[in-house]
Amino acid sequence: MSSGPQRAGAFAYRPDIDGLRALAVLAVIFFHAEVPGFGGGYVGVDVFFVISGYLITQFLLSDPTRGARAMLGNFYARRARRILPALLITCAGVALIGWLLLMPDELVILGKHLAAAPVFLSNVAAWSEGGGYFERSYLSAPLRHLWSIAVEEQFYLGYPLLLLVIARYMPRRQTFFIAVLALLSLLLCIWASHHRAAVNYYALPTRAWELLLGGLMSLTAVAPRSRLVREIAAATGVAVLVATVWLYDPKRISYPGPCALLPCAATTALLAAGTGGGSALNRLLAWRPLVFIGLISYSLYLWHLPLLGFAAYYSITPLTASERAVLIACIFALGALSYRVIERPVRQRAFLKTPRALLFGASAASALVLAAGLLLWNSDGFPQRLSAQERALLVTPDIGDLVRCTTLSLGQIRTARVCHFDPPEAAGASVLLWGDSHALSVLPAFKDLSARRHMTLYFVVKSSCWPVLSSLDRAREAHAQAACTAFNSAVVDLVRVIKPALVILGGRWNDQNFAAAPGLEVPDGEFAFTAAMRQTVRVLADAGGGAVCVVLDVPQLKYPVSHALLIAQRRGIPDDFLTVARGDALAPIQRMEGEVRALAQAGVLRFADPKAALCPGPSCLYKAAGRSLYFDGDHLSSAGAAYSAKALEACFDPPNRAP
């Protein structure tokens with residue numbers, strides 16, 4: 001992602017590679033800007049990786065007469081000049097804007113990414129958040145894209161040493177060893193694409209093959225002698241890149257994996273075609289405007305996501321086409337400025353001229369960014385930055401020290417070493433709240449409702465896991481689904497121990513991805529969810545549990561409510577764009593909820609519907625008494641849980657009583 005034109009050493013500068021880099025960065029920018037036709041623009045990162053491996057290997061092997069120490073010193077000094085100044089200034093700018101704009105919890109997340117950037121652990125920071133790259137997390141994490149720079153720099157910590165060792169002890173096996181490493185990395189990537197998709201996207205071991213592929217191109221010096229072969233290779237490479245950018249959809253493919261072979265192979269074809277006389281397309285890639293975009297591509301990449309993310313964050317609603325066009329123009333202006341004022345002067349030694357000056361300057365700036373990141377990461381987000389009216393709209397997950405309760409081991413769950421609330425005058429009876437993050441969001445209401453009845457409330461939650469036995473979520477990876485199955489089995493063991501009088505099931509009830517697990521008997525014509533819920537109720541009863549109550553889902557709103565209310569107040573605009581019609585809120589969950597109501601009518605279970613409080617008329621509420629009822633777009637805040645308590649009380653009512 002970061003390699004600039006390489007003019008030093010015994011190899012010639014190729015402007016067509018800068019042109020290829022330009023196409024890659026444009027694809028990435030247009031992908032994040034959601035420009036139609038660039039749904040697969042993220043493959044531009046793969047193009048960068050292959051180019052980077054190719055150029056860096058050429059540089060490392062360009063002068064075999066240099067000693068190892070001199071070669072490594074020169075290499076790492078060049079990397080520092082190339083990477084650090086623009087990166088650290090970008091981090092400082094993003095930190096300043098984040099301080100002025102972000103909510104406290106989002107500023108804390110930004111702090112983690114700031115701390116990770118100067119030590120090249122941004123990929124670790126990204127995957128530690130648990131979400132995938134293709135979520136719109138850049139709205140509150142505008143430095144997430146630095147993961148690719150971290151992968152490159154981690155790679156280059158060991159790669160030069162590896163080349164030196166192989167060149168010294170096994171010079172004739174150099175290409176063989178690099179090819180074996182690339183193959184092993186590719187196989188790991190393909191395996192992880194099915195079993196560890198989030199980590200697979202960000203991890204060096206599963207991305208190294210792309211950089212090594214570029215290295216292999218440099219080591220083998222592939223140069224087709226036939227002009228016809230070069231023309232065909234270049235045309236095929238461009239066609240494949242265009243096809244992947246146009247056709248790849250992250251919602252339908254697991255990436256990277258086998259699908260990443262196409263853009264990487266296309267890049268190698270263009271690199272090969274550009275040697276030994278080149279091709280017409282390579283000469284087109286050397287067009288001066290494209291070359292200039294390639295030269296400033298690093299600064300463009302650094303700044304594009306922060307500008308797009310902060311603009312979308314401040315806008316709340318989706319940016320219009322004209323707004324995106326203006327932003328793209330601003331990205332190019334800022335990228336060009338960064339290149340002219342920061343990148344080029346440092347690389348040409350206009351300032352930080354000596355290695356010592358570079359070392360001290362880069363170290364001091366890195367330490368400042370690291371310290372600022374650690375300060376923000378370990379803070380409360382400094383809510384005092386906001387006005388009293390803005391602080392009143394802040395909502396954070398109201399679980400505090402209960403975070404530990406969401407990461408219990410299966411052994412702890414089976415043996416009832418789970419979190420619980422004991423009322424002052426416990427009567428001996430207990431309630432179990434079991435579900436996903438939606439169950440956790442209504443915990444404050446059930447805590448109060450249980451205490452009023454002098455009942456101990458136990459709760460066990462696992463994010464994105466339905467509290468239904470013999471169920472599968474088609475959208476989840478195999479290992480995650482297995483974890484849900486094991487978790488639910490442990491909860492049944494918990495029921496055998498505590499024998500609750502009431503088991504409350506809370507989840508995000510969306511039937512789009514629901515499927516029955518192998519072995520579940522589903523009668524002809526019956527919805528798999530209904531059969532799975534019947535089985536769940538039977539198993540819980542056999543385990544000693546009492547009544548079962550299903551908490552129906554809350555409305556799914558279009559935007560994160562707390563953030564939207566805060567920004568709307570800052571901008572002085574009405575917040576009625578958050579209004580959702582009751583019918584629209586019910587549509588995605590209508591089938592599952594209908595099945596639950598039918599089971600309640602049959603006396604199988606009870607149910608409570610928070611929408612009885614949240615959607616009292618033709619539209620659904622999103623705030624009350626000046627407070628947000630939601631944390632984000634589909635999780636209630638503590639105020640929302642309290643507002644829904646009257647409807648949730650139906651779980652404690654006799655069977656078959658519907659709100």
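Being on the phi < 0 side of the Ramachandran plot, assigned to a helix (DSSP H, G or I), in contact with a Ser or Thr (Cβ under 8 Å, 6 or more places away or on another chain) and of a type in the set (A, V, I, L, M, F, W, C), is that true of even one residue in segment 110-117?
Looking for residues that are on the phi < 0 side of the Ramachandran plot, assigned to a helix (DSSP H, G or I), in contact with a Ser or Thr (Cβ under 8 Å, 6 or more places away or on another chain) and of a type in the set (A, V, I, L, M, F, W, C), one finds at least one in segment 110-117, hence yes.
Are any residues in segment 446-481 of a type in the set (A, V, I, L, M), over 17 Å from Thr406 (Cα atoms) and at pLDDT 85 or above, and if so, which ones? Show your work before the answer.
At the first step, the residues of segment 446-481 found to be of a type in the set (A, V, I, L, M) are 449, 451, 455, 457, 460-461, 468-469, 472, 475, 478, 480.
Subsequent filtering for residues that are over 17 Å from Thr406 (Cα atoms) retains 449, 451, 455, 468-469, 472, 475, 478.
Scanning segment 446-481 gives Leu449, Ala451, Met455, Val468, Leu469.
Could you say which residue among Ile51, Ile89 is surrounded by fewer than 23 Cβ atoms within 10 Å (Cβ to Cβ) and either under 19 Å from Leu204 (Cβ atoms) or modelled with pLDDT of 95 or more (or both)? Give the steps one after another, and end with the answer.
Values: Ile51 fails: surrounded by fewer than 23 Cβ atoms within 10 Å (Cβ to Cβ).
Unique residue meeting the criteria: Ile89.
Of these, Gln556, Gln590, which one is within 18 Å of Trp509 (Cα to Cα) and assigned to a loop (DSSP other than H, G, I, E, B)? Before you say what the answer is, go through the steps one by one.
Working: Gln590 fails: assigned to a loop (DSSP other than H, G, I, E, B).
Being within 18 Å of Trp509 (Cα to Cα) and assigned to a loop (DSSP other than H, G, I, E, B) holds for just one of Gln556, Gln590, which is Gln556.
Provide a single number: the residues in segment 633-655 that are among the acidic types (Asp, Glu) and either modelled with pLDDT of 95 or more or open to solvent by 40 Å² or more (accessible area, probe 1.4 Å) (or both).
Here is the first cut: in segment 633-655, the ones among the acidic types (Asp, Glu) are 634, 649, 653.
Those left that are additionally either modelled with pLDDT of 95 or more or open to solvent by 40 Å² or more (accessible area, probe 1.4 Å) (or both): 649.
Within segment 633-655, residues that are among the acidic types (Asp, Glu) and either modelled with pLDDT of 95 or more or open to solvent by 40 Å² or more (accessible area, probe 1.4 Å) (or both) number 1.
Here are Phe446, Phe459, Phe421: which of them is within 24 Å of Leu552 (Cβ to Cβ), buried (at least 21 other Cβ atoms within 10 Å of the Cβ) and free of Cβ contacts under 8 Å to residues at least 60 places away in the same chain? Outline the logic, then answer.
Numbers: Phe446 fails: free of Cβ contacts under 8 Å to residues at least 60 places away in the same chain; Phe421 fails: buried (at least 21 other Cβ atoms within 10 Å of the Cβ).
Checking each option against the conditions leaves just Phe459.
Name the residues in segment 582-602 that are open to solvent by 40 Å² or more (accessible area, probe 1.4 Å) and either modelled with pLDDT of 90 or more or among the charged types (D, E, K, R) (or both), would you?
Of everything in segment 582-602, those that are open to solvent by 40 Å² or more (accessible area, probe 1.4 Å) and either modelled with pLDDT of 90 or more or among the charged types (D, E, K, R) (or both) turn out to be Arg582, Asp584, Arg591, Glu595, Arg597, Ala598, Gln601, Ala602.
Arg496: in contact with a strand residue (DSSP E or B) (Cβ under 8 Å, 6 or more places away or on another chain) and basic (Lys, Arg), yes or no? Outline the logic, then answer.
On the way: in contact with a strand residue (DSSP E or B) (Cβ under 8 Å, 6 or more places away or on another chain): no; basic (Lys, Arg): yes.
So Arg496 does not fit the description; no.
Has segment 326-342 got any residue that is in contact with a Gly (Cβ under 7 Å, 6 or more places away or on another chain) and open to solvent by 20 Å² or more (accessible area, probe 1.4 Å)?
Of all residues in segment 326-342, those in contact with a Gly (Cβ under 7 Å, 6 or more places away or on another chain) come to none.
Checked against the condition, which is being in contact with a Gly (Cβ under 7 Å, 6 or more places away or on another chain) and open to solvent by 20 Å² or more (accessible area, probe 1.4 Å), segment 326-342 yields no hits at all.
Just one of Ala350, Ala367, Ala372 is farther than 21 Å from Phe75 by Cβ, open to solvent by 30 Å² or more (accessible area, probe 1.4 Å), assigned to a loop (DSSP other than H, G, I, E, B) and aliphatic (A, V, I, L, M); which is it? Spell out how you get there, then give the answer.
Values: Ala367 fails: assigned to a loop (DSSP other than H, G, I, E, B); Ala372 fails: assigned to a loop (DSSP other than H, G, I, E, B).
Result of the check over Ala350, Ala367, Ala372: Ala350.
Please determine whether any residue of segment 561-572 is buried (at least 16 other Cβ atoms within 10 Å of the Cβ), within 27 Å of Glu649 (Cα to Cα), touching a Ser or Thr at 6+ places or on another chain (Cβ under 8 Å) and in contact (Cβ under 8 Å) with a residue 12 or more places away in the chain.
yes
The values are calculated or read from the model by the stated rules, or taken from the named source; none is laboratory data. On a predicted model such as this, the values are computed, not experimentally measured, just so you know. With ideal geometry, Cβ positions are generated from the backbone for all residues, glycine too; neighbour counts draw on all protein chains shown. Quick note on the areas: whole protein, heavy atoms, side chains included, nothing else; ligands and nucleic acids left out. Shrake-Rupley method; radii C 1.70, N 1.55, O 1.52, S 1.80 Å.
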